[in-house]
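The values are calculated or read from the model by the stated rules, or taken from the named source; none is laboratory data. Here the structure is a predicted model, which means the values were calculated and not measured. Here the Cβ positions follow ideal geometry from the backbone for every residue, glycine too, while neighbour counts run over all protein chains shown. Keep in mind that these areas ignore ligands, DNA and RNA; they rest on the heavy atoms of the full protein, side chains included. Shrake-Rupley method; radii C 1.70, N 1.55, O 1.52, S 1.80 Å.
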Amino acid sequence: MTLMETTPQNVAPDQSPAPAPAGTAPVIVTEGLTVGYKLHRERKRLTALRDISLSVNRGEFVVLVGPSGCGKTTYINAISGLVDPWEGTIEVNGRQVTGPGPDRAMVFQDYALMPWRTVESNIRMPFEFQNLQVSKDEIDERVRRYIELVDLTGFEKSYPYELSGGMKQRVGIARALVSEPDILLADEPFAAIDAMTREAMQSELERFVAKTHQTVIFITHSIDEAITLADRVVVISFRPGQIKEIVDVNLPRPRFDYDVKMLPEYVELRDHIWRLVKDEALQSARGEKR
Amino acid sequence: MSTIEDSEGVATVDATDSNRIEDTEFTAGEAWTLYGSWAVTVINLTIFFCIWELFAWSGAINPLFLPAASSMFSALWEGMTTTAPPGAVISGSIRDHLLYSLTNLSIGLGIACVIGIPAGLLMGGNKYVETVLSPYVWALASLPRIALVPLFILFLGFTVKMQITIIVLSAVFPIIINAWAGVKTTEKSLLAAAKVFGASRRELYFKVVLPYTLPFIIAGIQQGIGRGLIGVVIAEIFGGSKGLGYLITRSADTFNSPLMYAVLFLLVVVSLSLINITRWLEAYVAPWRRIDML
Ligand SMILES: Nc1ncnc2c1ncn2[C@@H]1O[C@H](COP(=O)(O)OP(=O)(O)OP(=O)(O)O)[C@@H](O)[C@H]1O
Ligand SMILES: [Mg+2]
């Protein structure tokens, strides 16, 4: 449970090099990325994503939107090193991705909490598996701090089955943030959280990222969430997922200090992205392009 | 949402959640859901044995086939409180036979676990082991074990070894198959999460697959107990001069039906208590699978 138990060979394959200086250095570069799945039963392979070229700069907040099943989760799975690309390359901090590494953390769409671990123990997991240079006291302190951040103080000893959906999702968020990774991959992290809490968490995340200079790839189904959080919104088309358009969001930050939704630019952006997504969603609903 | 550093401009809902968890008292309704089924069971069984008693007294069935419940219980009481005099072929004592059967059952179950758990885990974890072993496992698991008894008597004679072999063979397959299924059904997203947060292959097995599989293994042991008990009785009925199975045949041969019923009753009690122990164990190690809490 403690750092003591972790042995040097536990170091994940992709130990990140010293972080590049902040600025416009690209941190995540995908070139011609094509990923898919083998459907063994039908002897077919399904292309989930085709020819994705995207480069994300340090400290940038990129939001992916697109209809259900277009390959958003697949994209961040590829960056995290969970699935291997069929074609193309993925580089993180200038190094080819060959597997997961402590420079990248992920919030899972289906929470993926260990049911036999308490909230606290789930959040402690990254320290247990990764050989990070963090002292035991510092770990305790961080775990406590991040439990507080996601407003779960008092539930440290609860098991996931005793929590609501939104609470589970918050545990997943704390687990991804606690090791303070360079890159945060968040798969619809606020989907199960009510509108009010959600807004509070969005503002919290914006402030947090501004402070830590983390690079974020964030998936959402909410266009409002996309615009309020993103530096760039990447609209992905329906199967096979391709980049349909990349929309820059140049609204002033911090966006929760004023009513960003009232800005004419906001309304324009919202309308624009909404149209892009609607076309795709309609195709998705009709089941075209299969 | 409480904040890391309290700065202004953020809707800070300061909900300290400790006051959301507080002590409560049992309501009558909750007490009923917890203990009510026990009360019902006690009343239910009392009525059952009363009807049995009255039915036996009415003389509708020869007491040789259906003794009174009371005489079964007195045979049981006597059998559990006395030991057989040395050299007696059949006395009223049950205690020694019970102890003998239980000892064999625990040895057999122990061996079945020692073989079955690693075998099942390996089959789930390694494709080659799985491909090689699975035909044998399925073949032996589907073969009625009683068909093997004459073979083992031939090989090992009427010995304890023969009996334990039969118990092991009866109990080991549910254990193997459950452990195997547990490994196979380990949730992919849990494995993915552990990988993302840096788990090595070893850690994936020991910190994800194994805890996930534990309740499956316990369910396997639970089934193994049921099968093992059948194995015990079969082995003792076929051959041997001790144990509850032997006692059943002997008491039938000597027309001692209260004793026979007492042994049957005892078998039910033993089986139920062992299964309840594993149920409790399962709920204890895997509270997240306690679906009956709903
Ligand atoms: N493990 C898998 N095996 C086979 N096919 C898969 C697998 N995971 C995803 N797919 C397929 O790949 C496509 C993209 O899936 P993905 O999960 O990336 O979509 P998504 O954009 O995240 O959708 P959603 O918004 O519903 O979460 C889907 O059509 C799905 O059928
Ligand atoms: Mg998804």
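Structural remarks
- Relative contact order for chain A: 24 percent, from Cα pairs under 8 Å spaced at least 6 residues apart, divided by residue count.
- Translational diffusion coefficient of the stretch A:115-180 (Stokes-Einstein, Kirkwood radius from Cα pairs, 4 °C, 1.567 mPa s): 111 µm²/s.
- When each of the peptides A:226-232, A:160-166, B:100-106 is scored by how many other beta carbons lie within 10 Å of its residues on average, the order from highest to lowest is A:226-232, B:100-106, A:160-166.
- FRET efficiency, B:TYR136 to B:TRP38 (Cβ-Cβ, R0 41 Å, nearest 0.05): 0.40
- Stokes-Einstein translational diffusion, the protein assembly as shown - Kirkwood Rh over all Cα pairs, 1.002 mPa s, 20 °C, in µm²/s: 75
- The shape of the stretch B:24-161 can be summarised by an equivalent ellipsoid whose semi-axes, obtained from the alpha carbon gyration tensor, come to 40, 30, 17 Å from longest to shortest.
- Within 10 Å of the Cβ of each residue in B:186-193, the mean number of Cβ atoms contributed by other protein chains is 6.
- Averaged over A:109-117, number of beta-carbon atoms from partner chains that fall within 10 Å: 6
- Here chain A is described by how far its Cα atoms reach on the three principal axes: 52, 49, 42 Å, from widest to narrowest.
- DSSP-loop GluC sites (Glu not before Pro) across the stretch B:190-294, with at most 11 other Cβ within 10 angstrom: none
- Cut-off 12 Å between beta-carbons: net charge of the residues surrounding A:VAL83, Lys and Arg +1, Asp and Glu -1: +2
- Rounded to the nearest 10 degrees, the angle from helix B:95-125 to the longest Cα principal axis of chain B is 40 degrees.
- Cβ-based charge dipole, the protein assembly as shown, positive-most Cα from A:ALA285, A:LEU263, A:VAL233: A:ALA285
- Cβ-based net charge around A:SER121, under 12 Å, with every Lys or Arg adding one and every Asp or Glu removing one: +2
- Separation between Cα centres of the stretch A:145-169 and the stretch A:196-215, rounded to whole Å: 18
- Note: the stretch B:167-211, Cα convex hull, 64 Å³ per residue.
- The residues of the protein assembly as shown present an accessible area of 50 Å² per residue when probed at 1.4 Å with all protein chains retained.
- Over chain B, all Cα pairs binned in 5 Å intervals from 0 give whole-percent P(r) values of 1, 5, 8, 11, 11, 11, 11, 11, 9, 7, 5, 3, 2, 2, 1, 1, 1, 0, 0, listed from short to long.
- Phi-derived couplings, Karplus 6.51 cos²θ - 1.76 cosθ + 1.60 at θ = phi - 60°, listed residue by residue for the stretch B:246-257: 4, 4, 5, 5, 5, 5, 5, 4, 9, 6, 9, 5 Hz, with x used for Gly and Pro.
- Think of each Lys and Arg Cβ as +1 and each Asp and Glu Cβ as -1; about the Cα centre, that makes the dipole of the protein assembly as shown roughly 2700 debye.
- Scanning residues 5 or more positions from A:SER158 or on other chains, those with amide H under 5 Å from its amide H are A:VAL119, A:GLU120, with H placed 1.01 Å from N in the peptide plane.
- Each peptide among A:168-175, A:122-129, A:44-51, A:67-74 gets the average number of other Cβ atoms lying within 10 Å of its residues, and from highest to lowest they stand as A:168-175, A:122-129, A:67-74, A:44-51.
- Take each residue in A:102-108, count the other chain C-beta atoms within 10 Å of its C-beta, and the mean is 3.
- Using the Karplus relation 6.51 cos²θ - 1.76 cosθ + 1.60 with θ = phi - 60°, the per-residue 3J(HN,Hα) values for the stretch A:66-71 come to x, x, 4, x, 8, x Hz, with x marking Gly and Pro.
- Taking 20 Å as the limit for the C-alpha separation, the pairs A:LYS38/A:LYS278; B:LYS184/B:LYS207; A:LYS244/A:LYS278; A:LYS168/B:LYS184; A:LYS72/B:LYS127; A:LYS157/B:LYS188 exceed it in the case of A:LYS38/A:LYS278; A:LYS168/B:LYS184; A:LYS72/B:LYS127; A:LYS157/B:LYS188.
- Using a probe of 1.4 Å on the protein chains alone, the accessible area found for B:LEU204 is around 30 Å².
- Pairwise Cα inverse-distance average, inverted: Kirkwood Rh of the stretch A:191-290 (Å): 14.7
- Using the Cβ of B:LEU247 as centre and a radius below 12 Å, the other residues enclosed give a net charge of 0, where K and R count +1 and D and E count -1.
- Under a 5 Å amide H cut-off, with hydrogens placed 1.01 Å from N, A:PHE218 pairs with A:VAL62, A:VAL63, A:LEU64, A:ALA186 among residues at least 5 apart or on other chains.
- Rounded to the nearest 20 debye, dipole of the stretch A:115-180 from Cβ charges on Lys, Arg, Asp, Glu: 200
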